[in-house]
Amino acid sequence: VYGPRPLLPDLSQSTKQVSQPLAAPGQTLTYTLTLRNSGAAVLGIHLTDALPAEVTYSGSLSATSGSANYAGGALTWSGDIPSLGQVTIRFDATLKAQITTAQVVINTAVFDDGRGGTLQRTASFIANGKAVYLPAVKKQP
């Protein structure tokens, strides 16, 4: 009953990012998933990332450990994450030329949490969006 509690896997600090907030048709974007484990080592984690219909897989798939593959519109990864370690997975996707209206494109990855449940991480960008820059105005006292 007494004594130290066992350290459990904790992947809650994992992230997913996309390289650009805005993209034009035909532009290639890089997605980066970082699976961060702030707890005990976790074995046999599985991740699935189904690409949204607005993009096509462009290659450059890499993972710092484990096994990553792409087939049938989805990226998959499986492997272990050491205690207090992380795994980074990267791949490229290109916005389809047929996407001509402004819209948000959301990409979601789903993976085991190491405790019997699942976690999701998303990254999004705006297709055909326009950046608007507003001047900063400082009021003098």
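Going by what's in this entry, would Leu75 be described as part of a loop (DSSP other than H, G, I, E, B) and without any contact (Cβ under 8 Å) to a residue 60 or more places away in the chain?
no
Consider the stretch 111-141. How many of its residues are open to solvent by 70 Å² or more (accessible area, probe 1.4 Å), under 30 Å from Gly66 (Cβ atoms) and over 14 Å from the mean Cα position of the chain (by Cα)?
3
Filter the stretch 14-37 for residues that are under 12 Å from the mean Cα position of the chain (by Cα), in a loop (DSSP other than H, G, I, E, B) and over 30 Å from Ala97 (Cβ atoms) and give the result.
If the condition is that a residue be under 12 Å from the mean Cα position of the chain (by Cα), in a loop (DSSP other than H, G, I, E, B) and over 30 Å from Ala97 (Cβ atoms), then Ser14 is the only one that fits.
Name the pairs: first residue in the stretch 26-37 and open to solvent by 50 Å² or more (accessible area, probe 1.4 Å) and modelled with pLDDT of 95 or more, second residue of a type in the set (D, E, K, R) and not in a loop (DSSP other than H, G, I, E, B), Cβ to Cβ under 8 Å, at least 6 apart or on different chains?
Between residues of the stretch 26-37 that are open to solvent by 50 Å² or more (accessible area, probe 1.4 Å) and modelled with pLDDT of 95 or more and residues that are of a type in the set (D, E, K, R) and not in a loop (DSSP other than H, G, I, E, B), the close pairs are Thr28/Asp92.
Just name the residue that is surrounded by the most Cβ atoms within 10 Å (Cβ to Cβ) out of those in the stretch 92-110 that are in contact with a Ser or Thr (Cβ under 6 Å, 6 or more places away or on another chain), of a type outside the set (D, E, K, R) and within 27 Å of Leu43 (Cα to Cα).
Per the criteria, the residue is Thr108.
Between residues in the stretch 56-68 that are among the β-branched types (Val, Ile, Thr) and residues that are open to solvent by less than 50 Å² (accessible area, probe 1.4 Å) and in a strand (DSSP E or B), which pairs lie under 8 Å by C-beta distance while being six or more apart or on different chains?
That search, which allows pairs on different chains as well, returns Thr56/Ala93; Thr56/Thr94; Thr64/Val87; Thr64/Thr88; Thr64/Ile89.
Of the residues that make up the stretch 63-74, is at least one out of contact with any strand residue (DSSP E or B) (no Cβ under 6 Å at 6 or more places or on another chain), among the aliphatic types (A, V, I, L, M) and open to solvent by 50 Å² or more (accessible area, probe 1.4 Å)?
Yes, the stretch 63-74 has at least one match.
So in the stretch 38-57, with the set limited to residues that are in a loop (DSSP other than H, G, I, E, B) and either modelled with pLDDT of 95 or more or among the aliphatic types (A, V, I, L, M) (or both), which one is surrounded by the fewest Cβ atoms within 10 Å (Cβ to Cβ)?
The selected residue is Ala53.
The values are calculated or read from the model by the stated rules, or taken from the named source; none is laboratory data. Everything numeric in this text was worked out from a predicted model, so none of it was measured. In this analysis, Cβ positions are derived from the backbone assuming ideal geometry, glycine residues included, and neighbour counts consider all displayed protein chains. These area figures cover heavy atoms from the full protein model, side chains too; ligands, DNA and RNA do not enter into them. Shrake-Rupley method; radii C 1.70, N 1.55, O 1.52, S 1.80 Å.
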